[in-house]
Structures are given as structure tokens and as C-alpha cells.
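**Student:** Sharing a structure with you now.
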């Protein structure tokens with residue numbers, strides 16, 4: 001029996017739920033070459049800007065890039081750091097003008113998908129639904145309650161994991177490496193990158209069409225590998241023997257290689273083994289979600305994304321949540337689930353308030369000095385000659401609490417602060433977050449971002465300057481946290497402070 005260590009590694013790597021995900025610093029091309037992810041993103045945005053503007057300039061209402069409302073969708077499990085890098089890449093690519101407020105809206109993919117998907121079922125005010133965005137890299141889940149005909153409210157924090165369909169592709173590649181040798185397959189990948197991409201596309205088409213109820217099992221075309229195998233003295237007959245000898249641990253069915261058409265048949269057992277790599281952890285996570293009190297009464301499941309076109313995926317979901325657990329009554333998807341997120345993003349850009357209320361996953365606040373209290377501990381108190389009493393420099397000034405709901409129509413929360421040191425003009429706001437609802441102390445572990453800005457040149461001029469306060473507005477702008485300095489002599493664009501998120505935040 002051929003061992004499947006590679007497949008076990010895939011199971012281990014993607015079996016755990018990922019709370020937040022950062023962008024990898026480097027991306028690897030099909031030919032094995034690595035490039036900085038930021039450089040790739042910038043070039044991708046430049047290409048899209050050129051292509052889209054070329055199309056839109058033929059219209060009568062778009063002349064410049066500033067005339068376009070841009071919406072970029074991201075997985076719900078992306079960290080603030082990853083979202084910030086997307087915005088930075090769009091800025092570097094000339095896609096957006098930073099002086100235009102909300103010129104770029106960053107939106108969660110499942111939120112956009114739900115805008116389209118909920119039109120395909122009969123939902124009324126008060127109904128709850130759970131939305132699965134089954135994409136390539138991640139599976140993202142949103143839980144909503146219908147407020148009226150157009151808007152909904154989050155009832156649970158968006159979640160998900162690295163359970164996208166590309167990990168099924170990785171596992172299939174692992175099988176090919178075990179059958180024909182990793183060194184041989186890596187050489188094929190590097191020397192024939194176009195053929196490698198075509199092989200992945202052949203597998204993707206077969207993967208999405210696999211139906212466990214059908215006797216017509218989709219076959220994977222691997223004819224593009226034949227010429228390459230010839231150079232390694234592996235002819236069709238030898239390929240067939242290698243395929244037939246391969247066994248998956250715990251799977252009874254064997255693979256078949258059709259030498260006439262150069263196709264690979266994985267059998268029902270092989271397909272289920274591969275698909276379950278991402279479906280099993282997804283279902284485990286969904287069971288936990290639907291057991292939460294906030295989702296009690298949720299009877300509708302909506303599916304979007306490429307993997308939702310798979311009959312096997314939909315059947316697994318029905319077997320568990322409709323037949324076995326009896327918590328879901330309806331599972332549905334749009335006519336074109338692959339395009340649902342893109343269409344939803346366009347609608348979201350025109351009406352961002354479609355998602356009216358958001359739930360905060362953490363408590364956020366700013367570091368500030370305050371009067372010392374006994375609960376702060378003896379070691380933390382500092383004597384202030386100016387105040388004539390002890391102060392505490394690591395106070396956690398809360399702006400929004402964990403599990404609280406923020407309504408997009410509510411004005412930003414504004415609080416007033418004074419510079420710690422008289423005469424300083426370069427101010428650095430420390431943003432902190434905590435899993436506690438009422439944190440009182442900022443630490444190195446709670447620090448998640450820095451927001452630097454400069455006070456006006458005349459700030460310290462005149463009588464009473466030391467008593468002036470800085471109004472700081474802190475608000476959640478759909479998928480992003482933003483900070484503004486509400487000074488009267490600041491222009492609107494200068495009021496927005498660039499937030500520099502720390503890695504992993």
C-alpha cells in the first residue's frame with residue numbers, strides 16, 4: 001500500500017478553524033518562482049484599473065478613476081492587517097484616490113453573497129438564515145436576521161476557515177506526486193506551467209460535477225502529462241500500472257486509468273475522500289454554529305461560491321442538517337452561485353446599508369492616561385506634579401465592546417483627549433483590542449495598531465492651549481475599523497488617520 005502522508009498533512013493543516021488569517025508575504029507561481037504578495041496585488045489592481053476604465057470610458061458617465069465606486073471583497077476570516085494591505089495595494093496601483101472618503105469599500109465576501117442569495121428564497125421580517133460562501137481559499141459563513149425587505153442584521157460574528165476548494169486540488173496533486181514521484185511531478189509543474197494550470201482546470205471541472213447519486217463518475221483528463229511522462233520513460237501502460245497499484249488508506253475503491261483517452265477515474269471512494277477533506281471540518285464548524293442560542297430558529301441555509309455548484313457538497317449538507325439534525329428546512333443557492341459575491345458587491349457598493357448592524361468580535365479602545373485606582377495595582381501608579389495625584393498611563397479607554405452591535409446609521413463615537421506632554425505635535429494613537437468585554441489595562445498583547453497624526457502648527461499658541469482637547473472618532477466602517485480626528489480646521493480628507501495594523505492584528 002502506498003502511504004498517503006501528503007494527504008494526512010493536508011488534513012492536519014486545514015482541519016482546524018482559523019479565527020483570523022493574514023496574507024502570506026510571498027506567493028509562489030506555477031513555475032515555482034516567488035514574488036512578494038504586495039507586488040502581485042498592485043499589478044493585479046493596475047490591470048483591473050486599466051481594463052475596467054477602458055470599458056467604462058465608452059459610457060457617458062465615467063471619465064476618470066475618481067468617478068467609480070470601488071468595492072473589494074475579502075474573506076470574513078481575514079485579519080485587519082490583511083484588509084489594510086488590500087487597501088494599500090489599491091492605493092499604490094492608482095485605483096483609488098485617498099482624498100475621497102469611501103472611494104474604496106472593503107466588504108466581506110459572505111455579506112455580499114447574501115445580498116444576492118436571499119433573493120432566491122422566501123424570507124420575511126424576523127427570519128434568520130445562515131450563508132455559506134464556499135470559495136477557493138476559504139469557506140466563510142455569515143449569520144443574518146431579516147429586518148425588512150432590503151436590510152439585514154448580523155446575529156453572529158462572521159466565521160469560517162481554510163476549507164476552500166483549492167485544498168482539494170492540493171490533495172489531488174499530492175496523490176499524483178505519490179503515484180508518479182514528487183520529483184517528477186515538481187519538474188512537470190516547473191517546466192510546463194501552462195500544462196500544469198490546464199491540468200488543475202481539468203480536475204476542477206470534474207470536481208464540481210461529481211454527483212454521488214450518479215453512476216457516471218467524472219473522469220479527469222491527464223493527457224497533457226503523457227508527453228512529459230514519455231521523457232521519463234513512463235509510457236501509457238506504465239502509467240496505468242502505477243495508477244492501479246495506488247491505494248488510499250481507508251478507501252476500498254481503486255483508481256482506473258483509461259489508456260485510450262488518457263483519463264483518470266477516482267471512483268466514488270476517491271472523490272468522497274478528497275471532497276471530505278474540506279467538507280468534514282466545515283460541517284463540524286456548522287454544527288457548533290447552529291447550536292448557538294443566537295441561531296435558534298434559523299431554518300434556511302444559503303450557499304454561494306464555486307464549491308456550492310458541487311452536488312456532493314449540497315448532498316452532504318442536506319444529509320446532516322436537514323435529514324439527521326433536522327435544524328434546517330431549506331438549502332438553496334442562486335442560479336449562478338460563482339458570480340453571487342461579485343454581483344452582491346456591486347449592489348453593496350450602491351447601497352452599503354444593506355447590512356445594517358454588525359457585531360463586534362473584540363473590545364476596541366485607545367491607550368490613555370487616567371487617574372490611578374487601587375485596582376490598577378501599586379506598581380503601576382505614577383505621581384503627577386501637575387495633577388497633584390497618582391496617574392495610570394496604561395488605561396484602556398473603550399470605544400466599542402465585544403459582542404456589541406454597531407448600526408451603520410449611528411454617528412461615530414467621539415471622545416476627547418489631551419496630549420500627554422505639553423508642546424508635542426506628533427501624536428501616535430495606540431489602538432488596543434481585547435477578548436474581554438471590560439478591559440481596564442493596555443498591555444503589549446492588546447496593542448493591535450498605531451494611528452499617527454500631526455496637530456495643527458498653532459495648536460499650542462495662545463492662552464489655555466494646554467487645556468485644549470483632541471476629539472477622536474472611532475467607528476466600524478463595514479469590514480474596517482477607522483479613526484478620525486474631528487478638528488474644525490482639518491479638511492475632511494485630513495481627518496481620516498491612516499491606521500497601521502500590526503502583523504496578526
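Just so you know, all these numbers are worked out from the coordinates, no wet-lab data involved. This is a predicted model, so every value here is computed, not measured. Because the Cβ atoms are built from the backbone with ideal geometry, glycine has one as well, and the counts that use them run over all protein chains shown.
**Student:** Roughly what angle does helix 182-191 make with the longest principal axis of the chain, taking Cα atoms, 0 to 90 degrees, to the nearest 10?
**Tutor:** Roughly 70 degrees, rounded to the nearest 10.
**Student:** Let me ask another. I'd like the FRET efficiency for residue 122 and residue 323, computed as 1/(1 + (r/R0)^6) with the beta carbon distance as r and R0 of 25 Å, rounded to 0.05.
**Tutor:** Rounded to the nearest 0.05, the efficiency is 0.70.
**Student:** If you average the sequence gap of Cα pairs under 8 Å that are 6 or more apart and divide by the length of region 166-274, what percent do you get for the contact order?
**Tutor:** Relative contact order for region 166-274 comes out at 24 percent.
**Student:** Return the whole-Å distance between the Cα centroid of region 165-239 and the Cα centroid of region 30-54.
**Tutor:** Here the two parts' Cα centres lie 27 Å apart.
**Student:** How long is region 166-274 along each principal axis, judged by its Cα atoms, biggest number first, in Å?
**Tutor:** 39, 26, 26
**Student:** Would you mind calculating the relative contact order of the chain from Cα pairs under 8 angstrom and at least 6 residues apart, reporting the percent as a whole number?
**Tutor:** 16 percent
**Student:** If you average the sequence gap of Cα pairs under 8 Å that are 6 or more apart and divide by the length of region 360-501, what percent do you get for the contact order?
**Tutor:** 24 percent
**Student:** Follow-up question, since we're still on this one. Starting from the eigenvalues of the Cα gyration tensor, five times each then square-rooted, give me the equivalent ellipsoid semi-axes of region 360-501, largest first, whole Å.
**Tutor:** 24, 23, 12
**Student:** What is the percent of Cα-Cα separations in the chain that go past 29 Å?
**Tutor:** When every Cα pair of the chain is considered, 60 percent fall beyond 29 Å.
**Student:** How much length would be gained if the chain were fully extended between residue 430 and residue 244, taking 0.36 nm per residue of separation minus their Cα-Cα distance, in nm to one decimal? Before the final figure, lay out each step's value.
**Tutor:** Values: separation 186, 0.36 × 186 = 66.96 nm, distance 6.09 nm.
Fully extending the segment from residue 430 to residue 244 adds 60.9 nm.
**Student:** Quick check for you: which residues of region 69-98 have the amide N under 16 Å from the point 7 Å beyond the Cα of residue 29 toward its beta carbon?
**Tutor:** Counting backbone N atoms under 16 Å from the label point, the list is empty.
**Student:** Between region 441-499 and region 381-400, what's the alpha-carbon centroid distance in Å?
**Tutor:** If we compute the Cα centre of each part, the gap is 19 Å.
**Student:** Each label point is 7 Å from the Cα along the Cα-to-Cβ direction; what then is the distance between the points at residue 413 and residue 336, in nm?
**Tutor:** Placing both labels 7 Å beyond Cα along the Cβ direction yields 4.2 nm.
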